[in-house]
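Below: the structure, in structure tokens.
The values are calculated or read from the model by the stated rules, or taken from the named source; none is laboratory data. All values derive from a computational prediction rather than experimental measurement. Note that we place each Cβ from the backbone using ideal geometry, even for glycine, and neighbour counts take in every protein chain shown.
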Amino acid sequence: MLRWKLSKSKIILNIIISLILIVLSLLIVANRQRIIDQITVWQFHATSAITALVDRAGMNSNGKFLYLASQPILDSTQNFNNECDRIENTTSILGCYSNSRIFVYDVTDQKLDGIREVTATHETLHAVYARLDSTEKAKIDVLLEAEYKKLENNKDYSDRMAFYARTEPGERDNELHSVIGTEIANINPDLEKYYDNYFSDRQKVVALNTKYSSVFINLKNHANVLLAQLNALSKSISSGTEKYNSDVKTLNSDIIAFNKRADSGSGFNSQSQFNSERAVLSARVDELDVNRSKIDSDIATYDQILAEYNSLASESKKLYNSIDSTLAPAPAEPTI
């Protein structure tokens, strides 16, 4: 009788263990990605430079966890180009989410402070989107598309989305998820509540985006103002010079005619007429001198503005070069 009771107890224990194992298996299947992410984070050794990016961008512990689970790399070598393909040469690639890893181009120009943080956060939101199930994506996509309706008349954003459509077909909402999350301050409360899952203060990354983007915007606006001034001066100098040369030719002809009449001895009815016509010619000479001085002044101004424009162009080129990964140095030669 005792032996039967022990056998029964053993059967019950085995059933309980089996149930526990089944539950654990189901939990593992249901949370497979989270488990993989946790193991990856435990094994990944992030530098302070790596972690500082999302800390400064206002991501919370959950956002930072998914960032680290993507094993981010801050890179300024040619390896970055190997990982982040540039499909069109007209746009610089600042980062990518490739093979479940985040790559951020290491832009070091202090004038572009914040660009790495925004890029790291943008790519982290790709990692977030990749982990959403189909139901969650469908819900979030509706909110994203509604938000984009407010932006589609903005040429910068419409051009950006057209670029994504060409280079990443089918990834529209995935890109909107990162763009809106890092760049747009005021969004639908439901969408903001969703982003709260990954940010302690999303406005920090938006402010960083505005900060570095304004450098390019201000340079472009300043260049456009200078270019408009140069074009206006060029037209003024061209038309002024043409008129000046024509007036000089006419005046020279009139002076020659006047001198011939004076030399003939009978070209003027009186000394008064002579003096009067001579005074008119002298006034025209003075007027031409003033016009010539105005043209010279405009040319000097043009040269000054052109020098400023060229300096601005040089500064712009330097900044754009700093975010152009194709200019990254090649990997160092291996040491023996």
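Here are a few things to note about the model shown:
- Leading residue by the ranking (nearest to residue 295 (Cα to Cα)) among those in segment 248-275 that are surrounded by fewer than 14 Cβ atoms within 10 Å (Cβ to Cβ) and of a type in the set (Val, Ile, Thr): 250
- Tally, over segment 151-192, of residues that are within 19 Å of residue 128 (Cα to Cα) and basic (Lys, Arg): 1
- Filter result (under 24 Å from the mean Cα position of the chain (by Cα) and free of Cβ contacts under 8 Å to residues at least 24 places away in the same chain) within segment 193-203: 195
- Pairing residues of segment 165-192 that are assigned by TED's automatic domain parsing to the domain that holds residue 204 with residues that are not in a helix (DSSP H, G or I), at Cβ distances under 6 Å and at least 6 apart in sequence or on separate chains, gives 167/87.
- Among the residues of segment 168-217, those that are polar (S, T, N, Q) and surrounded by 14 or more Cβ atoms within 10 Å (Cβ to Cβ) comprise 174, 178, 182, 188, 200, 209, 210, 213.
- Every residue from segment 218-247 that is exposed (fewer than 15 other Cβ atoms within 10 Å of the Cβ) and hydroxyl-bearing (Ser, Thr, Tyr): 234, 238, 239, 246
- Residue that is nearest to residue 201 (Cα to Cα), among those in segment 37-66 that are β-branched (Val, Ile, Thr) and not in a loop (DSSP other than H, G, I, E, B): 54
- Scanning segment 118-154 for residues that are touching a residue at least 40 places away in the same chain (Cβ under 8 Å) and not in a helix (DSSP H, G or I) returns a single hit, 131.
- All of 115, 140 fail the test of being within 27 Å of residue 161 (Cβ to Cβ), aliphatic (A, V, I, L, M) and crowded, with 22+ Cβ neighbours inside 10 Å, apart from 115.
- Restricting 201, 254 to residues that are among the acidic types (Asp, Glu) and out of contact with any Gly (no Cβ under 8 Å at 6 or more places or on another chain) narrows the list to 254.
- Restricting attention to segment 302-323, the residues that are basic (Lys, Arg) and without any contact (Cβ under 8 Å) to a residue 40 or more places away in the chain total 1.
- Comparison of 190, 201 shows that the only residue that is of a type outside the set (A, V, I, L, M), at negative phi and not in a helix (DSSP H, G or I) is 201.
- Being outside the structural domain of residue 116 (by TED's automatic domain parsing), hydrophobic (A, V, I, L, M, F, W, C) and touching an Asp or Glu at 6+ places or on another chain (Cβ under 9 Å) holds for only one residue in 230, 208, 219, and it is 219.
- Selection within segment 166-187: residues that are assigned to a helix (DSSP H, G or I) and modelled with pLDDT under 90. The member of this set that is farthest from residue 125 (Cα to Cα) is 166.
- Comparison of 204, 220, 235 shows that the only residue that is of a type outside the set (Ser, Thr, Tyr) and modelled with pLDDT under 95 is 220.
So that you can scan it fast, the table gives a plain yes or no per residue for (1) more than 30 Å from residue 112 (Cβ to Cβ); (2) assigned to a helix (DSSP H, G or I); (3) of a type in the set (D, E, K, R):
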| residue | (1), (2), (3) |
| --- | --- |
| 223 | no, yes, no |
| 231 | no, yes, no |
| 234 | yes, yes, no |
| 244 | yes, yes, no |
| 255 | yes, yes, no |
| 261 | yes, yes, yes |
